[in-house]
Amino acid sequence: MYTTLISASDLAPHIERSNWVLLDCRHDLMDTNAGQAAYDLGHIPGAQFVHLDQRLSAAKIGPDGVFRGRHPLPEKGDFIASLRNLGVNDDSQVVVYDAHGGMFAARLWWMLRWVGHADVAVLDGGLPVWQAAGLPVSTAVPAIGGCGNISDKPALVGSVEVSQVLANISKPTRTVVDARAADRFRGENETMDPVGGHIPGAKNRFFKDNLQADGRFKPAAQLREEWMAIVSDATQAIMQCGSGVTACHNLLALEVAGMHGAALYPGSWSEWCADASRPVER
């Protein structure tokens, strides 16, 4: 089974297998209808569309009235129910993809591991590489053959709360890595969040630096060499970004590199900067 990446050539023979579930995660942060529109124009045969805001995120304001970031994690029970509606079973091989080098697909990859499902992989290079190989696309929306039976199992990944990140500033025992572009990390050209800058002490690894020119991930050995210069011990690392989405791309890159155990800060910069009492570095 595939647990990190899968190539287009390896996926192609399996797209009609009943225990394989294909999920299209295309999205645009500035135009939230763009992913569905792109899916309607053509997708890998048998793939279902999964909207970042509707299925992979919860309400921005929590039950306590506190802003939790732009893409907070849903309750696990709600996510499991959503996966069952997509026909995901405990024995399903899930393959997720987008058209953005895994920018959004990695979020769903991480979330499936969050509920204990190991057999999930990101299509390396996404739909562009699939189409470049001359493989088919379809406009047909697949029928779901009944409700899936996926169950909530022990998490295969870890996450941290904002309080833990805050405590790490005064007693730094973990390395915080920000997946945003370098200019946003520096506090420049901030268009997504009301405050520019980064969490004090954080390092910067733009998620696109995990990719080759064609949108596929760099080889494992290269990723390991690059990441070891940033994080010597992945078990003591926290990945964050703007809203907990592209941080998952860095988490996937670490897994490909054989560096396991890093945690996600789901609220990320959007949650952090919403409270003026939290320190900001520029």
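The values are calculated or read from the model by the stated rules, or taken from the named source; none is laboratory data. Here the structure is a predicted model, which means the values were calculated and not measured. Neighbour counts run over all protein chains shown; Cβ positions are idealised from the backbone, glycine included. Accessible surface areas use protein heavy atoms only, side chains included; no ligands, DNA or RNA. Shrake-Rupley method; radii C 1.70, N 1.55, O 1.52, S 1.80 Å.
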Practice item. Sorted from largest down, give the three principal axis spans of the alpha carbons of the range 140-195, whole angstrom values. Key: 50, 32, 17
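Please compute the length gained on full extension between Ala140 and Ile61, using 0.36 nm multiplied by the number of residues separating them and subtracting their Cα-Cα distance. Don't jump to the answer; show the numbers that get you there.
Working: separation 79, 0.36 × 79 = 28.44 nm, distance 3.58 nm.
Length difference between fully extended and current span is 24.9 nm.
Considering the convex hull of the alpha carbon atoms of the range 1-141, report its projected area averaged over all viewing directions, in nm², one decimal. Don't skip to the end; give the middle numbers.
Working: hull surface 33.1 nm².
Average projection, Cα convex hull of the range 1-141: 8.3 nm².
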Revision key, fill the gap. In deg cm²/dmol, rounded to the nearest 500, the helical mean residue ellipticity at 222 nm of the chain, built from -39500 (n - 2.57) for every DSSP H run of length 4 or more, is -7500 deg cm²/dmol
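Considering only lysines 8 or more places apart in sequence, or on different chains, count the pairs in the chain whose C-alpha atoms sit under 24 Å apart.
Here the count comes out as 5.
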Review point. Accessible area per residue of the chain at 1.4 Å probe, in Å²?
Key: 42 Å²
Check your understanding: Cα centroid distance between the range 74-100 and the range 168-193, in Å?
Key -> 30 Å
Exercise for review: Would you mind telling me the share, in percent, of accessible area of the range 135-252 contributed by carbon and sulfur at probe 1.4 angstrom?
Suggested key: 54 percent
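Taking only the Cα atoms of the chain, how large is their convex hull per residue, in Å³?
On the way: hull volume 35.5 nm³, N = 282.
Output value, Cα hull per residue: 126 Å³.
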Check your understanding: What FRET efficiency comes out for the pair Leu166/Glu225, r = Cβ-Cβ distance, R0 = 25 Å, nearest 0.05?
Key -> 0.20
Study note, to complete from the structure: In Å, the C-alpha Rg and Dmax of the range 96-194 are 18.7, 54
Check your understanding: In percent, what relative contact order does the range 178-282 have, based on Cα pairs under 8 Å that are 6 or more apart in sequence?
Key -> 33 percent
Point to revise | For the range 249-265, 3J(HN,Hα) per residue [Karplus equation, 6.51 cos²θ - 1.76 cosθ + 1.60, θ = phi - 60°, Hz, x = Gly/Pro] | key: 5, 5, 5, 5, 4, 5, 5, 4, 6, x, 10, 9, x, 5, 9, 9, 9
Exercise for review: For Ala118 and Asp28, compute 0.36 nm times the residue count separating them, minus their Cα-Cα distance, and round to one decimal in nm.
Suggested key: 29.7 nm
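May I ask you to compute the full-extension gain from Arg278 to Asp53, defined as 0.36 nm times their residue separation minus their alpha-carbon distance, rounded to one decimal in nm?
Numbers: separation 225, 0.36 × 225 = 81.00 nm, distance 2.63 nm.
Here the answer is 78.4 nm.
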Exercise for review: Give the accessible area for Cys248 in Å² (nearest 10); use a 1.4 Å probe, count only protein heavy atoms, and leave out ligands, DNA and RNA.
Suggested key: 0 Å²
**Study point:** Heavy atoms of Asp91: accessible area, 1.4 Å probe, square angstrom to 10
**Key:** 100 Å²
